[in-house]
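A short worksheet on the structure shown next.
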Amino acid sequence: MEEIPITIAEVAYMAGLFDGEGHVEYKKRLVKQKRGKNRAYKTWSIRCEMSMTDKGVMEWFHQTLNFGTLNKREAKLSWTGKKPQWRWRCSYRDALRFAKLMWPHAQVKLHKLEQIIDHYEPRAQELGDNVVDLETERQIRDGH
């Protein structure tokens, strides 16, 4: 099946949804090894996720992007009267792909998305081969 390209309007809408409902995690966490000595090591946790109760919107989001995972999260007993949630998430290199796609339209999550881009492509500005020139985009946004 041929992949249908995402329109700028769809990306902008997705960025708005993600700004309001999404979460970006970019930090080091202590993770215990499963085997061997009982040691914990600091490892990067890099992911983007979004949760909503509207299954249709979340399925559209996931199908339009064509990457990441979509899972149902059942309501807990403490969520009295609450609906189940649908959670989309991507991590590591897919989070980079997502960050680059959302970056031109993001407002609230802009700094965190930039951290992901800078993590994977620290020299992108020097090499001149990045998808988006962040400084030029900032100037365009500010009307310079």
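Report, by residue number, each residue of segment 18-42 that is more than 12 Å from L113 (Cβ to Cβ), in contact with a strand residue (DSSP E or B) (Cβ under 7 Å, 6 or more places away or on another chain) and at pLDDT 90 or above. Across segment 18-42, the qualifying residues are E21, K27, K28.
Taken together, K83, K55, K100 contain a single residue that is closer than 29 Å to A9 by Cβ, touching a helix residue (DSSP H, G or I) at 6+ places or on another chain (Cβ under 9 Å) and in contact (Cβ under 8 Å) with a residue 24 or more places away in the chain, which is K100. Would you confirm whether any residue within segment 56-78 is over 22 Å from A106 (Cα atoms) and among the acidic types (D, E)? Scanning segment 56-78, I find at least one residue that is over 22 Å from A106 (Cα atoms) and among the acidic types (D, E), so the answer is yes.
The values are calculated or read from the model by the stated rules, or taken from the named source; none is laboratory data. Source: prediction; values computed, not measured. Glycine gets a Cβ as well: all are built from the backbone with ideal geometry, and neighbour counts include every protein chain shown.
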